[in-house]
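What follows is a set of notes on a single structure, which appears directly below.
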């Protein structure tokens, strides 16, 4: 029984669907947080969750289980039957950029809190409308 | 000379700053300005270009990243680098009165902003465009919050949040493009975009629109703009209005022309642009803070540009180039002068224009305002005229009416401001400008007048640039032809 | 009661909006097949062997898409600069913090050299095995974080780190410009990169050098960011 389930799960298409469903649920959580949470740190967290969900989605949907990681060694002497390296490179870049922006945002929030003791983004109305 | 220097030199400068700081207080400032002068000269040296220039980075396209310098992008590169140079020169004298804390960091941010604006315009790889999108964003967030008071930080937080949300949409769009087309090169994407299923095409276009829409400040997505302008310092507003928005606008329409060459959503975008203009001008009417007022005026002009670029018509794009030129220069003048006024009279309220005692500054500001309004003999008029003419030829009378009403509203408050400037009232203490600042401002104003009185001098170039920008096929051929 | 109801309403509407958006995206993605066979990645894999680097991801990150990496370094540099600018406060007095316990202090001292070594290993072998400059740099920064939280009187060697960082940034751009001079392409691989050397430590031309530079840069920027964010907490 377990073997049947496992062999069903061990298909490319199923793995991709699972990753897709999982990452879209994460995206939903992040978007929900972005729309409903008012605490500034929670808003930043929602943004970070959304970013991670996209990275998961991208890696998952370009993944092929029959191929290896794109690194030579362990008997692999040619760059064939390997997973696509571009998504890895893109995500590496996007993670670092996302982290940098997030850290900057948190430093803004810290300094703003020190000046005004406000953490609620609805109460951030220093400027007149 | 290679167009890669526009990115490499500012970044090299940014990394070198700890060494340059050893040269004393002025070392960084002078080095930065000298480098910008060199870049501006380099940009102008590309104007004689016969054929578009392809600059390969590491490996040849479509696999690698490359830069395309054609007639359209050279216009933007020259505009950005020369405006940034003028800004730096102006600041060199301005800082005798008031300088930023940690000036070295300020110069780093100016240069990274310039590098990213040029990179956005030149790059032909969509993920590389995302990287420049983020460099421009992050430099702009820090410049917004530079003063570190509550207002500036709040504006910075708002800017950063909208920017991160925008980048999420953009990243998702890029990922979907890569998964379904298998390339990041704009030319290859443009070639294969047609073959995608319809719903995927719509989703990707929508995500790209959301991603860039926040940054090009189009109507429903521009709620943050006025706060950012009010919170950040006045000098920096000039950069946002003259350089940052224009770079995003160019790259948005560059991608649009490549992906949707037949203009599927063109009507929607035209009316969105016109509506954006109308709404901003209505809101601008009741503003009492000059910075907010100019911010809404910028939004209005961006709406006009958006409508003009969306028309897929080379005459309208030609007009849009004129507006880009005229609006960047005029807003640069207005914000630079406003920073002087703010420094001297400690107020940016609208009534301060009645009290300022600076005939020369008032005169230059008047020219800039009238150019934005589109008064004949000034550069803004040529642009507006060309756009409205091609709208009439295309039978877009609805959009034309909206734009005319919006221009009327615009003239209400700009005439009010010009009235304030020219009224004979009791004036405050005399605001005297440095001679160099006067020369710089008059040079900018002279450009507006020259382009307005003798548009035929630049008309040929503008027409050619508009055709180049619209011509997706030769762009694709240029990049993919390099393979053979 | 009233407030509670209002909150619930906004939550529900937020959830509805979010789920509509996500379901739309989900639906469109589900309807379209996800794998393309002839992607740029496969073409790059075929090209990878010419560069003589065993790790194809490294070749892509540092060489084929090396310009993105330069931009990414710039983003990190600007972010670190901005965080320093925003959080710097010359008037803040050094707050007194509870002395951390003996175990933590000793363990941190013992572990730091190992973490540093591991980070450098990951960095230097980035072209041969999984890992590379970013990962190594972040590991080193985590070691610095451990020292910072364990000890009150640990001061980061600011001068040394600033020198390393400046050196790394400048040499990255210079390597790119040398490539422009010699090979006419920015970031061109101008050093010998023979395929027969593949798998050796000294192979791949400029690729391992750039990745080490990236590692130094990332490590120092991340250390600055961590230190800035941490020290603010102490003063409040």
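The values are calculated or read from the model by the stated rules, or taken from the named source; none is laboratory data. Everything numeric in this text was worked out from a predicted model, so none of it was measured. With ideal geometry, Cβ positions are generated from the backbone for all residues, glycine too; neighbour counts draw on all protein chains shown.
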**Asked** Does residue C:55 count as under 23 Å from the mean Cα position of the chain (by Cα) and either at pLDDT below 85 or more than 11 Å from chain B (Cβ to nearest Cβ) (or both)?
**Response** yes
**Item:** Matching residues, region C:206-215, being more than 12 Å from every other protein chain (Cβ to nearest Cβ) and buried (at least 24 other Cβ atoms within 10 Å of the Cβ)
**Value:** C:208, C:215
**Fill in**
If we keep only residues of region C:129-150 that are in a loop (DSSP other than H, G, I, E, B) and buried (at least 22 other Cβ atoms within 10 Å of the Cβ), then the residue nearest to the other protein chains (Cβ to nearest Cβ) is C:132
**Request:** Collect the residues in region B:38-69 that are part of a helix (DSSP H, G or I) and surrounded by fewer than 17 Cβ atoms within 10 Å (Cβ to Cβ), keeping them in residue-number order.
**Result:** B:38, B:41, B:44, B:45, B:47, B:48
**Message:** Based on this model, can you work out whether residue C:89 counts as more than 8 Å from chain B (Cβ to nearest Cβ) and either at pLDDT 85 or above or in contact with a strand residue (DSSP E or B) (Cβ under 8 Å, 6 or more places away or on another chain) (or both)?
**Reply:** no
**Request:** State yes or no: is residue B:79 under 28 Å from residue B:444 (Cα atoms), within 20 Å of the chain's Cα centre (by Cα) and touching a residue at least 60 places away in the same chain (Cβ under 8 Å)?
**Result:** yes
**Complete:** For region A:58-71, pairs from a residue that is facing chain C (nearest Cβ under 7 Å) to a residue that is in a strand (DSSP E or B) and crowded, with 19+ Cβ neighbours inside 10 Å, with Cβ under 6 Å and 6 or more apart or across chains, are A:70/A:82; A:71/C:55
**Request:** Go through the residues of region B:143-163 one by one and say whether even a single one is in contact with a strand residue (DSSP E or B) (Cβ under 6 Å, 6 or more places away or on another chain), closer than 29 Å to residue C:41 by Cβ and at the interface with another protein chain (Cβ under 8 Å from one of its Cβ atoms).
**Result:** no
**Request:** Please identify the pairs in which a residue from region B:93-112 that is farther than 19 Å from residue B:16 by Cα has its Cβ atom under 7 Å from the Cβ atom of a residue that is not in a helix (DSSP H, G or I), counting only partners at least 6 apart or on another chain.
**Result:** B:93/B:434; B:100/B:146
**Request:** Kindly establish whether residue C:203 is more than 14 Å from chain B (Cβ to nearest Cβ), out of contact with any strand residue (DSSP E or B) (no Cβ under 8 Å at 6 or more places or on another chain) and not in a helix (DSSP H, G or I).
**Result:** yes
**Message:** If residue C:193 meets every condition in (1) outside any helix (DSSP H, G or I); (2) within 20 Å of the chain's Cα centre (by Cα); (3) crowded, with 18+ Cβ neighbours inside 10 Å apart from one, which number is that one?
**Reply:** (2)
**Output for region B:1-37, where each listed residue is closer than 24 Å to residue C:165 by Cβ and not in a helix (DSSP H, G or I)** = B:4, B:24
**Fill in**
If we keep only residues of region A:58-72 that are out of contact with any strand residue (DSSP E or B) (no Cβ under 9 Å at 6 or more places or on another chain) and not in a loop (DSSP other than H, G, I, E, B), then the residue surrounded by the most Cβ atoms within 10 Å (Cβ to Cβ) is A:58
**Request:** Report yes if some residue within region B:149-167 is assigned to a loop (DSSP other than H, G, I, E, B) and buried (at least 21 other Cβ atoms within 10 Å of the Cβ); otherwise report no.
**Result:** no
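Residue by residue, here is whether (1) farther than 24 Å from residue B:330 by Cα; (2) outside any loop (DSSP other than H, G, I, E, B); (3) more than 12 Å from every other protein chain (Cβ to nearest Cβ) holds:
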{"position": "B:72", "(1), (2), (3)": "no, yes, yes"}
{"position": "B:79", "(1), (2), (3)": "no, yes, yes"}
{"position": "B:83", "(1), (2), (3)": "no, yes, yes"}
{"position": "B:99", "(1), (2), (3)": "no, no, yes"}
{"position": "B:105", "(1), (2), (3)": "yes, yes, no"}
{"position": "B:111", "(1), (2), (3)": "no, yes, no"}
{"position": "B:120", "(1), (2), (3)": "no, yes, no"}
**Request:** For region A:28-47, indicate whether the set of residues that are touching a residue at least 40 places away in the same chain (Cβ under 8 Å), within 9 Å of another protein chain (Cβ to nearest Cβ) and within 12 Å of the chain's Cα centre (by Cα) is non-empty.
**Result:** yes
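Quick grid of which residues meet (1) at pLDDT 90 or above; (2) loosely packed, with under 13 Cβ neighbours inside 10 Å; (3) outside any helix (DSSP H, G or I):
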site: B:398; (1), (2), (3): yes, no, no
site: B:402; (1), (2), (3): yes, no, no
site: B:424; (1), (2), (3): no, yes, yes
site: B:427; (1), (2), (3): no, no, yes
site: B:433; (1), (2), (3): no, no, yes
site: B:445; (1), (2), (3): yes, no, no
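This table checks each residue for (1) more than 7 Å from every other protein chain (Cβ to nearest Cβ); (2) in a helix (DSSP H, G or I); (3) crowded, with 24+ Cβ neighbours inside 10 Å.
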residue	(1), (2), (3)
B:172	no, yes, yes
B:192	yes, yes, no
B:196	yes, no, no
B:201	yes, yes, no
B:205	yes, yes, no
B:208	yes, yes, no
B:213	yes, yes, no
**Message:** Which residue is nearest to the other protein chains (Cβ to nearest Cβ), if the candidates are limited to region B:10-31 and must be over 21 Å from the mean Cα position of the chain (by Cα) and under 19 Å from residue B:82 (Cβ atoms)?
**Reply:** B:13
**Complete:** Being buried (at least 24 other Cβ atoms within 10 Å of the Cβ), at the interface with chain C (Cβ under 8 Å from one of its Cβ atoms) and not in a helix (DSSP H, G or I) narrows B:183, B:139 down to just B:183
**Asked** Say we look at region A:73-129 and pick out the residues that are within 10 Å of chain C (Cβ to nearest Cβ) and in a loop (DSSP other than H, G, I, E, B); which of these is farthest from residue B:169 (Cα to Cα)?
**Response** A:77
